[in-house]
Amino acid sequence: DPSCRAAVARLNAHRVARGQRPCSARTGAYCQARQRLPERLVADVARGTGRALEDRVEQRWRWKGRRVYTYDGSAVSMPDTPANQAAYPQPGTQKPGLGFPLARLAAVFSLACGAVVELGMCRYAGKGQSELGLLRALLGVFRPGDVVLADRLMCAWTEMVMLKLRGVESVTRLGKREADFRRGRRLGPGDHVVTWPKPRKPHTIDQAAYDALPESLVVRETRVRVERPGFRTTALVVATTLRDAEEFTAGDLAGLYRARWTAELDLRSLKRTLQMDVLRGKTPEMVRKEVWAHVLAYNLVRTVMARAAATHGVEPRSISFKGAAQVLDAFRP
């Protein structure tokens, strides 16, 4: 129960359990304090918790010693108030009064530990309101040597070039392009290096930013077979800027792209397990604070899971997020 009344009741129960006097059961003071809490403070603490966990993960949990981040997006709804409708209007396919305000979220997850290191939020529809647009706004979170793992939506020349200019590699499924393995520099069966020329300027970036980009991008296209328990084996083409076929074999890329599915699971944990799919804030500021509060709680649970994994000598991904309550009970001092 995420209501204010339930929050105050849980606080009172906590105080009584510690031998303290209960406070007032009224919710007015709690709601006022929650509104005064700076939005930037909640966001900074949530980001800092995720980054701290990612920086402390054991080297054996990383992919070939590299930091790998998965990137994926989703949407959340919120109460139908005039303020929320103005900031995050409902989709145009819904008639006024019959839908709810909708916001688009995109998160950067650590593949090693599952922590959220950054999150972007925007309107669900409109110019620049997309997962690619949010990725361009989140480029500063990546550091040279990092690898960004995403689905075919991110197989876009502009975003892959922007990442490469920062020294960041990308691994994604080939999107609308078709791979012709008769062309380019052959690395092996179904594996070659080709040059993607600069496309026409996307309408979502300005002319100056477009002119500053190089005239081409060298990309490796590799046909791989991805196997996932319970699903049919899939043959697909991976597009990546990791061009060294000896250091990064086709099998390595297949295994890495298979791990992209963890982004879907992490989003499900964040939205369903922590009940973030339907928000309760009646103003845009409260909605954003609510999102960051969920991210903070998620990262704190991930921190406990990582400590438990290190104690038992296993990887954090081997522990179910849904079963984190049992992990917390087992390691409570």
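Please work out whether region 198-309 counts as rounded, prolate or oblate from its C-alpha gyration tensor, where a ≥ b ≥ c are the square roots of the eigenvalues and a/c under 1.5 means rounded, while otherwise a/b larger than b/c means prolate and anything else oblate? Since a/c reaches 1.5 but b/c is at least a/b, the shape of region 198-309 is classed as oblate. Distance from the alpha carbon centroid of region 19-94 to that of region 276-301 works out to 4 angstrom. Per residue, the accessible area of region 2-142 comes to 52 Å², computed with a 1.4 Å probe over protein heavy atoms only. Split the accessible area of the chain by element, probe 1.4 Å, and carbon with sulfur accounts for 52%. Extending 7 Å from Cα along the Cβ direction at residue 64 and again at residue 183 yields two label points whose distance is 2.5 nm. Connecting C-alpha atoms closer than 10 Å in a GNM of the chain, tell me which of 98, 274, 163 has the biggest fluctuation. Answer for the Gaussian network model of the chain: 98. From helices alone, the chain scores -11000 deg cm²/dmol at 222 nm; the rule is -39500 (n - 2.57) for each run of n ≥ 4 DSSP H residues, then divide by the residue total. Normalised by the number of residues in region 143-271, the mean separation of alpha-carbon contacts (under 8 Å, six or more apart) gives a relative contact order of 24 percent.
In the chain, Cα pairs under 8 Å separated by at least six residues give a relative contact order of 18 percent. In order along region 66-81, the Karplus-derived 3J(HN,Hα) couplings, from 6.51 cos²θ - 1.76 cosθ + 1.60 at θ = phi - 60°, round to 9, 7, 10, 10, 8, 10, 7, x, 7, 9, 9, 9, 8, x, 7, 10 Hz, and Gly and Pro are given as x.
Per residue, region 155-209 exposes 58 Å² of accessible surface when a 1.4 Å probe is rolled over the protein heavy atoms with every protein chain present. Remark: accessible surface ordering of 206, 146 (largest first) is 206, 146, probe radius 1.4 Å. Measuring between alpha carbons in the structure, the pairs from 176/201; 127/176; 176/198 lying more than 19 angstrom apart are 127/176. Taking region 37-81 and a reference point 7 angstrom along Cα→Cβ of residue 23, the backbone N atoms nearer than 17 Å belong to 37-38.
Each Lys and Arg Cβ is given +1 and each Asp and Glu Cβ -1; about its Cα centre, the chain then shows a dipole of about 640 debye.
Taking all protein chains as they are arranged and a probe of 1.4 Å, the heavy atoms of residue 201 leave approximately 80 Å² accessible to solvent. Oblate is the label for region 50-185, because a/c, from the alpha-carbon gyration tensor with a ≥ b ≥ c as root eigenvalues, is 1.5 or above and a/b does not exceed b/c.
Pick out which of 83, 208, 75 has the largest mean-square fluctuation in a Gaussian network model of the chain, springs linking Cα atoms closer than 10 Å. In this elastic network of the chain, the residue with the biggest mean-square fluctuation among 83, 208, 75 is 208. Sequence-ordered 3J(HN,Hα) estimates for region 285-296 from the Karplus curve with 6.51, -1.76 and 1.60 and θ = phi - 60° stand at 5, 5, 4, 5, 5, 5, 4, 5, 5, 5, 4, 4 Hz, glycine and proline given as x. Along the axis of the charge dipole computed for the chain (Cβ charges of +1 for Lys and Arg, -1 for Asp and Glu, origin at the Cα centre), the listed residues 37, 142, 212 are led at the positive end by 37. Accessible surface for residue 3 stands near 20 Å², nearest 10, in the context of the full protein assembly shown (1.4 Å probe). Which one, 95, 289, 64, has the greatest fluctuation when you compute a Gaussian network model over the chain with C-alpha springs under 10 angstrom? Per the Cα network of the chain with a 10 Å cutoff, 95 tops the list. Surface calculation, 1.4 Å probe, protein heavy atoms: residue 205 sits at approximately 20 Å² accessible. Taking 19 Å as the straight-line reach from the Cα of residue 282, the lysines in range (excluding those fewer than 8 positions away in the same chain) are 271.
The values are calculated or read from the model by the stated rules, or taken from the named source; none is laboratory data. Remember, predicted model here, so these are calculated numbers, not experimental data. Cβ coordinates were reconstructed from backbone atoms using ideal geometry, including for glycine residues, and neighbour counts include every protein chain displayed. Surface areas here come from the heavy atoms of the whole protein model, side chains and all, with no ligands, DNA or RNA. Shrake-Rupley method; radii C 1.70, N 1.55, O 1.52, S 1.80 Å.
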